[in-house]
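Here's the structure we're looking at; comments come further down.
The values are calculated or read from the model by the stated rules, or taken from the named source; none is laboratory data. If you're wondering where the values come from, they're calculated on a predicted model, not measured in any experiment. In this analysis, Cβ positions are derived from the backbone assuming ideal geometry, glycine residues included, and neighbour counts consider all displayed protein chains.
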Amino acid sequence: MSATELPLQSLDAWLREHVAGFDALQAATKFKGGQSNPTYLLEAASGRYVLRRKPPGRLLASAHAVDREFRVLSALYGGNIPVARPLALCRDDTVIGSMFYVMAYVPGRVHWDPALPDVDAATRGAMYDKVLNALVALATLDVEAAGLADYGKPGSYFARQVSRWTEQYRASETETIAAMDELIDWLPRHLPDDDGRIALVHGDFRIDNLMWIDDRIAAVVDWELSTLGHPLADLGYFCMALRLPRNPVLPGLAGLDRAALGIPDETALLAAFAQRTGLDPGTHWPFHLAFHFFRLAAIAQGVMKRALDGNASSEQALGAGKMARVIAELGVEAAQSR
């Protein structure tokens, strides 16, 4: 059995005991995506389910926290932020070889390209407005009422994140990337003032982490990197797509005629977000962009390291890892736009 295959017999026994109504696991098929936590479609006599697991092999400390994903899904399910219904969490590594959780199957569609080439301009514009509404819902969520007040450390979000991702990057560094070294020096010296605002941050909010039914978001998925943080964090991360180049691994929107496509530009997105939340990105926007390019480059470097070590969960992992240098250079460019 390969590292990505699941032991169906032991998994079936566990699911029958822990998931209400579960009956007769028939197949487990790994989804195309999931550079970090392998994700599988489970087909059973009782219906379809989705399983997310930690990858096999040695892992960086605090990474691949599927138990945190399960907690945040449990807190959000049934609220204004659409998520799949969480069903059961297994911390016992002996069942399939690593911790995992199971959630309900959402019969939606994933759009891998933020240009949304399969829809017309009017629909595309409506979908981006739904994306903005989801970002607003995250930024304005009452984390205490949601039971997530202790889901992360309050305050100093960017300082902690810069420190954490610098450590993660250094732990997975396979070559010298001058732009990353520059960002590691620049970011701590340009941290915005901590304004005390706390929000639930998804941490990887982009088009391909949304499940769609027509032009409606059916579920926001992949909560592995979620934590408490600044309400502008997901907006900054999402806006990277406007500047990323067109490529098959991490497709961006740079160079496209976004007005003709019906996709709002960065200025329009920021203005609409500010109007709906009362939060203005202000003069610190270059920092937000530079930080998220740095963070994404660190994530890509981690994917590269796992690919070289043979632990990556996607066939595209090596290609994604090779994007670290390009992403870091875009971060330096954003920092210099101040």
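Here are a few things to note about the model shown:
- The residue that is farthest from residue 251 (Cα to Cα), among those in the range 195-217 that are in a strand (DSSP E or B) and touching a Leu at 6+ places or on another chain (Cβ under 8 Å), is 199.
- Among the residues of the range 126-155, the ones that are surrounded by fewer than 17 Cβ atoms within 10 Å (Cβ to Cβ) and not in a loop (DSSP other than H, G, I, E, B) come to 5 in all.
- Scanning the range 65-100 for residues that are in a strand (DSSP E or B) and either within 28 Å of residue 145 (Cβ to Cβ) or not aromatic (Phe, Trp, Tyr) (or both) yields 86, 87, 88, 89, 90.
- Selection count where residues are farther than 30 Å from residue 256 by Cβ and of a type in the set (Ser, Thr, Tyr), scope the range 87-135: 4
- Matching residues in the range 246-281 - criterion: being among the hydrophobic types (A, V, I, L, M, F, W, C) and without any contact (Cβ under 8 Å) to a residue 40 or more places away in the chain: 254, 259, 268, 270, 271, 274
- Residue in the range 53-67 that is in contact with a strand residue (DSSP E or B) (Cβ under 8 Å, 6 or more places away or on another chain), modelled with pLDDT of 95 or more, hydrophobic (A, V, I, L, M, F, W, C) and surrounded by 14 or more Cβ atoms within 10 Å (Cβ to Cβ) present: no
- Filter result for the condition that a residue is within 30 Å of residue 121 (Cα to Cα) and in contact (Cβ under 8 Å) with a residue 40 or more places away in the chain, over 227, 140, 174: 140
- Selection status of residue 210, touching a residue at least 24 places away in the same chain (Cβ under 8 Å) and out of contact with any helix residue (DSSP H, G or I) (no Cβ under 6 Å at 6 or more places or on another chain): yes
- Among residues of the range 271-294, those that are hydrophobic (A, V, I, L, M, F, W, C) and either surrounded by fewer than 20 Cβ atoms within 10 Å (Cβ to Cβ) or assigned to a loop (DSSP other than H, G, I, E, B) (or both), counted: 4
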